[in-house]
Each structure stands twice: as C-alpha cells, then as structure tokens.
Amino acid sequence: MSLWVDKYRPNSFSKIDYHKEQGQRLKNLVQHGDFPHLLFYGPSGAGKKTRIMILLRELYGSGVEKLRMEHMNFQTPSNKKIEIMTVASNYHIEINASDAGIYDRIVVMELIKNAAQTHQLDANEQREFKVILLTEVDKLTKDAQQALRRTMEKYIATCRLILCANSISQVIPAIRSRCLSIRVPSPSNVEIVSVLLNICKKEGLTIPMELATRIAEKSEGNLRRAILTCEACKVNQYPFDKNQKIVEPDWQNYICETANVILKEQTPQNLLNVRSRLYELLCHGIPTELIFKYLLKQLLTKCDMAVKREVIQVASDFEHSLHRGSKVIFHLEAFVAKFMAIYLQYMEDTVRAV
Amino acid sequence: MFLVTNRKRWVTPSFDSFVNDDLPPAKKTTGKKVSLHTAQSAAPGISVRENSSSTWLDKYQPKTIDELVIHPKKVKEIEDWFCKHQTNQRKKYLILVGPCGCGKTVSLRAVARKFDLDVTEWVTPLDRDFNADLHGDEQTYQSAAEVFEQFLTRASRYPSLLSVQKSKIILVKDFPNIFLQKPEILHGILRKYSSMNTYPVAFVCNDDNLVRSLLPDHVRNECNMHTIKFNPVHCQAVLKALERVLNLEQKSNPNANIPENIDLEAVYQSSAGDLRSAILKLYFNVRAVDGVVGVESKVSQGRTVRTKQKGKRGAKSKNGDTKEATDKDSNIDLFHLLGRVLYSNRQCTKDSGQEYRFVHNPNELVDTCSCQPSSFISFLQENYASRFSCIKSISKAAEKLSFADVLLSNINKETDTTALSVAIRGLMVANDKPVKSFKPFVKAPSSEDVLKTSFADEIRVAFPNFLHSPRDIVLYTLPLLKNSSFQFNDSQTEIVNKLSRSFWK
C-alpha cells in the first residue's frame with residue numbers, strides 16, 4: 001500500500017497546489033526542450049523533488065517513472081572501494097554523493113564522466129542529453145563541489161545537472177553562478193490546510209478545520225510531515241476529533257528532553273550526560289541544524305529576556321563554526337557548555353540581587 | 001645476504017653466508033646490508049669484528065646467554081621453545097615482539113648459538129634491476145612473494161657450505177611490502193611451509209599492530225606459532241650492559257681515553273629502554289668527551305663503584321652537557337600527554353598567586369605530541385569535561401576546542417599544529433581548578449551517522465518509493481507512523497526495530 005504522500009503527489013505542473021506561477025515558468029522553460037543546469041533549493045518538505053520529477057516527466061514522458069535501483073562501484077586512488085546506491089530511469093540518474101563521505105569528490109567526477117561520455121541511443125526521438133540529479137548538494141565537501149564546477153562545464157553537451165539542496169549557503173558561489181537557481185519556498189499554513197482538505201476529500205474522509213490547522217502549525221511548513229501526520233492521525237483515530245492528539249516525531253521530544261536536562265543542572269557531570277544524548281541523536285541521523293533549532297527553541301522558553309539575545313548569538317556563532325569545522329559534537333557541546341555558563345551566571349546574579 | 005643471483009646462469013645459486021665482495025654489483029642485497037650481515041652472523045672464519053671501524057654494537061654484541069642482560073625468564077622462554085621444537089617438528093614458528101632495541105634479535109642469536117644452530121636472515125631485495133628483469137632472456141620477473149617462498153624452501157633444503165652447524169633457524173625481520181597489503185599470500189606460504197620437514201622460522205618485529213595484522217590469531221593457532229613479548233630493557237640491565245661495553249672497550253683498547261665522568265644514568269634516561277640507542281649514545285659520549293677533557297685511565301672496578309653510587313642518588317644527577325647532546329626526543333606516550341594537558345600543574349611565580357607558569361610548557365607538549373593533531377584533539381574533547389570542576393571554565397575550554405576544530409578543517413594542513421596548540425593552551429589555561437581524582441581516559445565513541453552506512457541502502461530497499469530520501473524516512477515517515485497501527489511490511493518493521501533499538505527511552 002502506498003502512503004498518501006505518494007498517492008496524491010501531483011504529476012504535472014497543472015496539478016500542483018501552490019507556487020503555481022513558478023510551476024508555469026518551469027513548464028515554459030522545458031517546453032523548448034533544453035534548459036541550463038538547475039539548482040533547486042528550499043526547506044525540506046517544500047516540494048523540490050516533486051517539481052523535479054514533474055520537470056523530468058515533461059521532458060521525457062512517463063518513462064522517467066520506471067525507476068530501478070543500481071549499485072555503482074567506485075574506486076579511490078588508495079584502492080578503497082566505495083559502493084553507492086543510485087536510482088535511475090532510462091533517462092536520468094539520481095545519486096546522493098554525500099553518502100560517500102570524504103570520497104564524494106571521486107563519486108561526483110566518475111559518475112558524471114560515465115554518464116556524459118555515452119550519448120543517448122536514439123537522439124532523434126529523445127533529448128540529446130541525459131539528466132543527472134544530485135541530491136543533498138549542500139552536504140558535499142568543498143572538494144567535491146570544486147570538482148563539480150569543472151565537470152559541469154565540460155560535459156554540458158551531453159548532460160544536464162539538476163542539483164537539489166536545502167540551503168544554498170553551503171553551496172560554493174562558483175556552482176551557484178553556473179546554475180539557474182530555483183527557490184522552492186515552503187508552503188504557508190493556509191496552503192497546507194487546503195492540501196490536507198483536498199486529500200481527505202479524495203479519501204472520502206471529513207477532517208475538522210481546527211485539526212487541519214493544528215496539523216499545519218505543528219508541521220512547520222513541511223508538507224511531507226503534514227500529510228504523514230494527517231495519515232497517522234487517521235490510522236490512530238477516525239472519525240477525527242478536533243482536539244485529537246497529534247503525533248510528534250520521537251527525536252523531537254528527545255531533543256526537548258535534552259533541553260530540560262540542560263536547564264535542570266549546570267555541572268560538568270551533567271554536561272557529560274548531555275553529550276551522550278547528543279551522540280545518540282547524531283548517530284541516528286538527525287541533522288545538526290534540527291538539533292540546534294529545537295534545542296535553542298526549547299531553551300529559550302525558559303530563559304529570561306535579559307539573556308535571550310546572548311544565547312541566540314552564541315547559538316548562531318557555534319552553528320557557524322560547526323559548518324566551518326568537521327566534528328559536529330565539538331560545536332554542539334561548546335554551545336551547551338556556553339549556555340550552561342550563561343544560565344548559571346544569570347541565576348547567580350538574580351539570587352545575589354535578591 | 002640472501003640469494004645472490006647471477007642472471008647469466010640458469011640455476012639460481014642460493015648459498016647463504018657466501019656473500020663476498022668480489023661478486024658483480026647487481027645484487028639483490030644492498031652493499032650495506034651485506035657487510036652488516038657478514039658482521040653479525042658470519043661463520044667463525046670471517047673476522048670482521050676485530051675491525052676497529054665497526055661500531056660498538058657489533059663489536060660487543062653478546063655472544064652467549066650469560067652475557068645477555070635480558071630478563072632470564074625471557075631467555076628461558078626462548079630456550080624452552082627451542083627445546084620443544086627439537087622434540088616436536090610441528091612447532092616451527094616463533095614470533096618475537098617488542099619495542100626497538102630491547103634485544104629480540106640478539107637474544108635469539110645467542111640462544112641459537114647455544115643450540116648450535118646457524119641463523120639465516122631474510123632480507124627483502126631492494127635494488128632489483130627491473131629493466132634487467134624485464135628484458136633479460138633467461139630470467140623472468142619474480143614477485144617478492146615468490147622470491148620469499150623460494151628463499152624459505154631453499155634455505156631449509158641446502159645448508160650453508162661455509163657453516164659447520166648441521167641445523168639452522170631462519171630469521172625474518174623484514175617483510176616484503178606485498179605481505180602488508182595482502183597478508184593472505186604470506187599465510188598461504190606459511191601453511192605450505194609448515195607441512196614440510198624443514199627448519200624453524202623466527203619472526204622478529206617491533207610493531208605489535210603490524211604483527212597482529214600480518215599474522216592474525218587464527219593463523220597463529222593453525223600454524224602452531226609461539227609468541228614471545230619483550231618489554232623495554234629496565235634501568236639496571238641497561239646500566240649493566242653499558243658497564244660491560246665500557247669494560248670491554250677498556251680491555252681491548254687500553255690506550256683509549258675513556259672519560260671518567262660519563263653519566264650512565266643520563267644515557268639510560270635519554271634512551272628510554274632502548275639498548276641499541278643507549279650503546280650508540282654511550283659511544284657518542286665517549287667520543288665527544290674524548291680529547292676535550294683530559295682523562296686519566298681508570299681501573300674498571302673503580303667505575304663500577306662510582307656508577308652504583310650515582311644510581312643511588314637517582315636520576316636527578318645530571319651531567320649538563322652530555323645530557324643535552326644525547327637527549328633523544330623523549331617520546332611521551334599519548335596518555336601521559338593527555339594527563340599533562342588535562343591535569344595541568346601550575347607554579348606560582350609570585351607570592352600573590354596571580355602570576356603562574358605551567359610545570360609542563362605547552363609549547364613542548366605541542367612539540368612532543370606524536371600522534372595526529374586531529375586524533376589527539378578528539379581525545380582531549382572526549383576527556384576534558386570530567387577533569388573540570390566548574391562549568392564556566394568548561395565553556396571557555398569548549399569554545400577553544402570548537403575553534404581548534406575549525407582550524408583543523410582548513411583545507412591546507414598547515415594549520416593543524418596551530419589547532420593543536422590552540423586546543424592544548426585553551427584547555428590548560430581554562431582549567432584553573434582541575435579535578436584531583438584520576439579517571440581513566442577513554443576513546444571517543446564512533447558516532448557514525450546510520451545514514452552514512454549501508455543502513456541507508458536497506459531503507460531505500462524497504463521503502464521503494466524513490467522520492468523519499470532515507471533521511472526523510474528516518475526523520476518523518478517512521479517516527480510519525482510507527483506508533484500508530486499503520487501496516488508495515490516485514491522489511492519495514494525490521495528497519496523500525498533497528499532504529500528504535502536502545503533509543504528514545
């Protein structure tokens with residue numbers, strides 16, 4: 001059985017629910033049969049991937065939906081073998097090069113070289129180029145991005161790149177300038193609500209407006225999350241109740257608990273405790289920006305106005321250094337330690353003032 | 001001193017210990033190696049040892065077991081193995097592991113001499129003439145592994161012409177590079193060799209990890225290998241050995257000016273249990289002082305008494321110049337270094353207590369760090385928090401560590417040392433009241449993202465809708481749906497279980 005997210009994914013530009021004008025422009029772009037390299041960016045759950053797939057479908061027809069999984073093997077100069085899973089149709093290939101970790105440079109170069117060196121079999125019927133879809137470009141190392149910029153110029157005759165990223169700030173300017181950047185903003189709450197209502201109508205369900213609004217608010221502009229939440233609510237309890245409990249992902253609760261642990265006690269021992277919780281989050285694949293975001297959000301609710309500004313500044317400083325550095329735990333922990341120090345200082349000051 | 005191959009002959013002669021300098025230069029051994037070996041294992045007839053130009057290492061190498069300063073139990077262990085080998089031919093591999101200069105080879109040779117065995121050493125051919133190998137008509141190229149195998153079989157089949165001993169032992173100190181990359185080849189050769197009725201083989205190596213990767217436990221069990229571990233030579237033994245060398249030098253060369261004031265204790269201190277380096281340093285000291293200080297010849301007994309007194313006085317006694325000149329880069333191991341940074345000691349320079357200096361200079365700590373800056377900083381990060389007594393100092397230290405990590409990630413590696421320096425200084429300065437109690441140091445756990453492993457592919461297979469990346473599934477699809485009565489299929493349930501194991505209590 002397929003999830004609602006998949007079942008009701010729009011498959012043409014005329015069916016998309018929001019950013020309709022942008023959709024029309026994309027349609028016009030590919031109607032001429034050719035387009036420059038594209039860079040889609042925007043928060044997760046905004047519909048980047050949906051738009052990319054519609055774009056490919058416009059280009060090549062429904063053949064792009066016949067997907068298959070393939071393992072590709074690469075070999076580093078030091079003879080280490082890397083295996084990467086790709087998803088491909090006859091016309092395009094999708095890869096998440098950041099899976100290769102520090103070897104992503106080789107993966108990017110080899111993949112594009114391989115794909116670009118072979119021409120399409122039947123160039124008259126099809127387009128004369130293939131499409132390579134690279135996801136999570138912002139997670140690529142700077143090395144790999146540098147390699148990408150050279151390769152994308154070299155092979156523009158035979159292949160087009162579609163890059164997909166959450167944040168453009170991690171993409172080097174050289175790549176940004178070589179691509180047509182398309183920002184896909186996250187849908188507004190009203191748009192999410194209307195999508196939810198639509199889906200429920202098609203499923204033959206009635207959803208109270210209040211519940212739909214609450215789900216939209218909880219999902220923070222992430223349409224995927226909203227639809228999944230809605231489906232989870234339906235499985236849990238139907239008919240819907242407008243005050244029904246809305247499921248939240250457990251990692252989010254875990255981060256909030258961690259914030260409470262930080263607030264409870266500011267000692268070196270407790271810092272170690274927090275560290276092990278952070279490790280837990282990191283090795284379960286929770287992105288650091290989400291950890292920072294929810295941690296800060298929860299910590300701020302318990303902070304006095306006087307220290308809020310300082311805390312936010314510290315958080316942004318450490319997130320910045322996290323992106324420049326490589327070992328994330330250093331920066332997360334530094335933020336926690338710094339927060340503890342600020343908080344403790346503030347508490348001591350208030351006690352003294354009393 | 002191995003396989004002296006003359007390409008013009010169709011039979012490859014393999015007369016060990018038969019290396020003479022008049023053979024043509026296209027040898028598989030370097031000239032240096034050759035002379036070294038003749039010196040070390042030569043048959044009785046060749047007397048290179050009396051040559052005054054040879055170093056004290058060769059000149060005064062212990063020949064018999066009694067002369068060894070190694071712990072008697074170790075020597076006994078080797079002897080036991082030799083006895084066992086003679087009764088049971090199956091036991092034919094011996095592994096000697098220990099740090100450099102702790103007397104592994106010397107003891108082996110001494111014991112072999114006691115058992116009347118000849119020692120044949122394998123030397124990886126270095127200067128092979130590849131052009132000749134490729135273009136020569138009669139000989140084709142041989143891989144290092146083949147050459148090694150041939151060496152083993154030949155060395156055991158044909159006894160040396162020059163030697164009077166009936167039996168011998170093969171010594172392997174030098175592993176061809178191919179074995180480091182593909183240990184299986186070595187295992188194959190050893191298995192084959194162990195079934196043959198031949199001489200024993202001793203592997204001597206100073207790197208425990210290397211031995212473990214070359215000869216893993218299952219191979220050792222399979223081939224009946226016996227491992228003997230050596231420790232660095234302890235102080236008294238080193239002093240004894242140095243005494244012995246000095247006495248012998250005195251005897252053999254009564255005219256030599258052997259200065260009186262050599263501080264053997266200092267020599268030992270600077271060599272840290274490495275007997276070879278200690279003797280070399282002694283030699284250097286004797287030569288360095290020679291001529292500078294006018295010395296009267298000393299009776300050997302007098303010297304013994306003197307050093308004993310020094311020994312009692314302890315390591316504090318320093319002979320400024322010699323120590324400076326011979327100080328080996330004292331190699332502090334990782335844990336001492338961590339301790340010096342995390343439990344930094346301070347000395348007040350003024351009575352007010354405001355100004356202080358560190359007992360261990362941070363500069364020197366940075367210099368002596370022998371491991372990779374990045375791994376050392378990881379160690380510091382993992383261990384620093386429990387050594388601080390106050391969260392405010394931790395926050396200062398954590399900030400520095402965070403900055404050090406930024407420096408480490410710089411694409412040109414020049415800033416690595418700076419990063420190390422920032423981390424070490426940051427921690428030492430911030431830690432104004434270190435926790436006194438000792439806690440064991442731990443290694444940073446591997447916090448590898450599950451999505452960076454093959455687990456990501458499992459997710460892709462279990463959720464075959466390609467529009468979701470594994471991260472989306474982990475972040476939203478699974479957490480939202482798993483507590484509801486949503487119907488997952490088997491492989492999906494497995495993923496859910498794997499993810500929630502020991503997590504989200």
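At a glance:
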quantity	calculated
Tally of residues being touching a residue at least 12 places away in the same chain (Cβ under 8 Å) and away from chain B (no Cβ under 12 Å) across segment A:9-23	8
Unmet requirement for A:Ala157, which otherwise passes all of (1) part of a helix (DSSP H, G or I); (2) away from chain B (no Cβ under 14 Å); (3) aliphatic (A, V, I, L, M)	(1)
Sole exception among (1) under 25 Å from B:Ile459 (Cβ atoms); (2) touching a strand residue (DSSP E or B) at 6+ places or on another chain (Cβ under 7 Å); (3) crowded, with 19+ Cβ neighbours inside 10 Å for A:Ile112, by number	(1)
Output for segment A:281-338, where each listed residue is in contact (Cβ under 8 Å) with a residue 60 or more places away in the chain and either crowded, with 22+ Cβ neighbours inside 10 Å or within 9 Å of chain B (Cβ to nearest Cβ) (or both)	A:Glu333, A:Val336, A:Ala337
Selection count, segment A:234-251, where residues are outside any loop (DSSP other than H, G, I, E, B) and facing chain B (nearest Cβ under 8 Å)	4
Selection status of B:Leu420, within 8 Å of another protein chain (Cβ to nearest Cβ) and farther than 30 Å from A:Asn253 by Cβ	no
Selection count, segment A:66-92, where residues are under 17 Å from A:Ile106 (Cβ atoms), within 11 Å of chain B (Cβ to nearest Cβ) and in a strand (DSSP E or B)	5
Residue ID - surrounded by the fewest Cβ atoms within 10 Å (Cβ to Cβ), chosen from residues in segment A:41-55 that are touching a strand residue (DSSP E or B) at 6+ places or on another chain (Cβ under 6 Å) and outside any loop (DSSP other than H, G, I, E, B)	A:Lys48
Verdict on A:Cys230 being touching a Lys or Arg at 6+ places or on another chain (Cβ under 8 Å), hydrophobic (A, V, I, L, M, F, W, C), within 11 Å of chain B (Cβ to nearest Cβ) and under 26 Å from A:Met53 (Cα atoms)	no
Filtered residue count, segment B:386-396, keeping only those that are facing chain A (nearest Cβ under 7 Å), buried (at least 21 other Cβ atoms within 10 Å of the Cβ), assigned to a helix (DSSP H, G or I) and not hydroxyl-bearing (Ser, Thr, Tyr)	2
Condition check for B:Val429: assigned to a helix (DSSP H, G or I), more than 7 Å from every other protein chain (Cβ to nearest Cβ), surrounded by fewer than 18 Cβ atoms within 10 Å (Cβ to Cβ) and aliphatic (A, V, I, L, M)	yes
Search result, residues across segment B:397-413 that are more than 27 Å from the chain's Cα centre (by Cα) and assigned to a helix (DSSP H, G or I)	B:Ala397, B:Ala398, B:Glu399, B:Lys400, B:Leu401, B:Ser402, B:Phe403, B:Ala404, B:Asp405, B:Val406, B:Leu407, B:Leu408
Residues located in segment A:257-266, provided they are surrounded by fewer than 17 Cβ atoms within 10 Å (Cβ to Cβ) and within 12 Å of chain B (Cβ to nearest Cβ)	A:Glu257, A:Glu265
Evaluation of A:Leu196 against (1) surrounded by 14 or more Cβ atoms within 10 Å (Cβ to Cβ); (2) in a loop (DSSP other than H, G, I, E, B); (3) not β-branched (Val, Ile, Thr) (one fails), failing number	(2)
Enumeration of residues in segment A:150-167 that are crowded, with 17+ Cβ neighbours inside 10 Å and either among the hydrophobic types (A, V, I, L, M, F, W, C) or free of Cβ contacts under 8 Å to residues at least 40 places away in the same chain (or both)	A:Met152, A:Cys159, A:Leu161, A:Ile162, A:Leu163, A:Cys164, A:Ala165
Residue in segment A:200-217 that is surrounded by 15 or more Cβ atoms within 10 Å (Cβ to Cβ), assigned to a loop (DSSP other than H, G, I, E, B) and within 12 Å of another protein chain (Cβ to nearest Cβ) present	no
Scope segment B:386-398; condition closer than 17 Å to A:Leu344 by Cα and not aromatic (Phe, Trp, Tyr); matching residues	B:Ser389, B:Cys390, B:Ile391, B:Lys392, B:Ser393, B:Ile394, B:Ser395, B:Lys396, B:Ala397, B:Ala398
Residue within segment A:37-56 that is in contact with a Ser or Thr (Cβ under 9 Å, 6 or more places away or on another chain), facing chain B (nearest Cβ under 10 Å) and at pLDDT below 85 present	no
Residues being at the interface with another protein chain (Cβ under 8 Å from one of its Cβ atoms) and surrounded by fewer than 23 Cβ atoms within 10 Å (Cβ to Cβ) - total across segment B:400-409	3
Boolean, A:Ile102 is within 11 Å of chain B (Cβ to nearest Cβ), over 29 Å from A:Ser186 (Cα atoms), in a helix (DSSP H, G or I) and of a type in the set (A, V, I, L, M, F, W, C)	yes
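Table: residues versus (1) at pLDDT 75 or above; (2) farther than 19 Å from B:Leu337 by Cα.
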{"site": "B:Val406", "(1), (2)": "yes, yes"}
{"site": "B:Asn410", "(1), (2)": "yes, yes"}
{"site": "B:Ser437", "(1), (2)": "yes, no"}
{"site": "B:Lys452", "(1), (2)": "no, yes"}
{"site": "B:Tyr476", "(1), (2)": "yes, yes"}
{"site": "B:Gln487", "(1), (2)": "no, yes"}
{"site": "B:Asp490", "(1), (2)": "yes, yes"}
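The values are calculated or read from the model by the stated rules, or taken from the named source; none is laboratory data. Just so we're clear, the structure is a prediction, and the values are computed from it rather than from any experiment. Positions of Cβ are generated from backbone atoms using ideal geometry, with glycine treated the same way; all protein chains shown enter the neighbour counts.
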